[in-house]
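Enquirer: Pasting a structure below so you can have a look.
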Amino acid sequence: MATAEELAAEEFARVVATHRQQIFRFLLASTRDMDLAETLTQDCFLKAHRHWSGFRGESSAITWLMRIAINLQKDHWRNRRVQFWRHTRSNAVDSEEASEWLPSGESSPEQQLLAREQVKRVWRAVDGLSERQRTVFLLRYVEEMDIAEIGRATGLSEGTVKAHLSRALGRVRGELGGRK
Amino acid sequence: MRFEHKPGNNARESEERTARESAQSVDDLALDRVLTDFRSSVHAWSEAAHNRPRPIAAASRRAVWRKAAAWSLGSMLVIGASGGSVVEYRHRQEAARIAAAREAQQQRALAEERERDAEKELAKVDSDVAREVPNAMEPLAQLMTEDESQ
């Protein structure tokens, strides 16, 4: 018969298996650095494991994990600002390289080219966003989280989330050459 | 002041609004499509990155080499530092031993000199006493010798 600890470990392993890729994807989109995203993902699950007994399920596991990931990412940027010499060791890819990834689907080469160009522009707009706007934008349009979930994950009110989203979208529209 | 709402004006406003709304909805549709492409792009990139083969062996070999180099360099530094301090310690000990031996030799030489001086002094005293005392006792000594011969 399994003990309570074994059951908790099994449950945590299930959570890792279910959400690891999503956390990695969010961190990869935020940092555009594969190695850093990998490290932060590991740190995120390590931290989650340490505090797993304290997780009461008030929010969903993914919201809770996202919150940890966002905080880790914030800490990382804060540390990098202090340790300025580490800037030289960044492996982040530019918007050009990030926009290379596009599923071929059934579209024509011309459409693919156009889509790639537009994705590049979105990346360029994302570059110009503040840290908070970028986080909210990625959670909404990459992770498809709803406003309330984003609010819980970021610790912001729904109104603030909407305001950040609106500004971020304005920036994307501007970059795409549409109306603001 | 009151605005008069003419039927013609209303129709034009309505048309403009419809045109604006349709332009916006087209715009929104285009934006939605771009954002969907963006999402697909990030998902595809993340999936490829997540499933990429990780050069664990090479990394660990590099890490082993780096660790070995760091250890050997560290060991060399520790050995160098401790060897230097041992040599320095021995050198100081040797210098102290030599200084102590020299000091002892000097002390010995001084003591010998003092001894020699004392012996010389005693010899001088002896010779002085020998020169003075026998003269005073000589007659008695001569008598003693004469008695013995008789």
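Enquirer: Can you tell me which residue is farthest from A:Ala168 (Cα to Cα) among those in the range A:110-124 that are among the aliphatic types (A, V, I, L, M) and within 10 Å of another protein chain (Cβ to nearest Cβ)?
Expert: Initial filter on the range A:110-124 (among the aliphatic types (A, V, I, L, M)): A:113-115, A:119, A:122.
Now restrict to residues that are within 10 Å of another protein chain (Cβ to nearest Cβ): A:114-115, A:119, A:122.
On the way: A:Leu114: 22, A:Ala115: 20, A:Val119: 15, A:Val122: 10 Å.
That would be A:Leu114.
Enquirer: Could you check how many residues of the range A:130-158 are assigned to a loop (DSSP other than H, G, I, E, B) and more than 14 Å from chain B (Cβ to nearest Cβ)?
Expert: So the first thing to find is which residues in the range A:130-158 are assigned to a loop (DSSP other than H, G, I, E, B), and the list is A:130, A:142-146, A:155-157.
After this cut, where a residue has to be more than 14 Å from chain B (Cβ to nearest Cβ) as well, the list is A:130, A:146, A:155-157.
So the answer is 5.
Enquirer: Determine, yes or no, whether A:Trp52 is among the hydrophobic types (A, V, I, L, M, F, W, C), over 30 Å from A:Leu7 (Cα atoms) and at pLDDT below 90. Walk me through it before giving the result.
Expert: Numbers: among the hydrophobic types (A, V, I, L, M, F, W, C): yes; over 30 Å from A:Leu7 (Cα atoms): no; at pLDDT below 90: yes.
No; evaluated as a whole, the condition is false for this residue.
Enquirer: From A:Arg56, A:Arg67, A:Arg25, A:Arg20, which residue is outside the structural domain of A:Val136 (by TED's automatic domain parsing), part of a loop (DSSP other than H, G, I, E, B) and basic (Lys, Arg)? Steps first, answer last, please.
Expert: Numbers: A:Arg67 fails: part of a loop (DSSP other than H, G, I, E, B); A:Arg25 fails: part of a loop (DSSP other than H, G, I, E, B); A:Arg20 fails: part of a loop (DSSP other than H, G, I, E, B).
Exactly one residue qualifies, and that residue is A:Arg56.
Enquirer: Moving to a separate point now. Considering only the range A:135-142, I want to know if a residue exists there that is touching a Leu at 6+ places or on another chain (Cβ under 6 Å) and more than 18 Å from B:Leu31 (Cα to Cα).
Expert: No, the range A:135-142 contains no residue that is touching a Leu at 6+ places or on another chain (Cβ under 6 Å) and more than 18 Å from B:Leu31 (Cα to Cα).
Enquirer: For the range A:159-180: of the residues being among the β-branched types (Val, Ile, Thr) and free of Cβ contacts under 8 Å to residues at least 40 places away in the same chain, which is farthest from the other protein chains (Cβ to nearest Cβ)? Give the steps one after another, and end with the answer.
Expert: First, pick out the residues of the range A:159-180 that are among the β-branched types (Val, Ile, Thr): A:160-161, A:172.
Subsequent filtering for residues that are free of Cβ contacts under 8 Å to residues at least 40 places away in the same chain retains A:160-161.
Details: A:Thr160: 21, A:Val161: 17 Å.
For the range A:159-180, the residue satisfying everything is A:Thr160.
Enquirer: Check B:Glu113, B:Glu138 and return the single one that is surrounded by 10 or more Cβ atoms within 10 Å (Cβ to Cβ), more than 30 Å from A:Asp35 (Cα to Cα) and modelled with pLDDT of 75 or more.
Expert: Numbers: B:Glu138 fails: modelled with pLDDT of 75 or more.
Only one candidate passes the filter, namely B:Glu113.
Enquirer: Then there's this: Can you tell me which residues in the range A:28-48 are of a type in the set (A, V, I, L, M, F, W, C) and within 9 Å of another protein chain (Cβ to nearest Cβ)?
Expert: Of the range A:28-48, the ones of a type in the set (A, V, I, L, M, F, W, C) are A:28-29, A:34, A:36-37, A:40, A:44-46, A:48.
Scanning the range A:28-48 gives A:Leu28, A:Ala29, A:Met34, A:Ala37.
The values are calculated or read from the model by the stated rules, or taken from the named source; none is laboratory data. Worth saying up front: this structure is predicted, and the values here are computed from it rather than measured. Cβ: placed from backbone, ideal geometry, glycine included. Neighbour counts: every protein chain shown.
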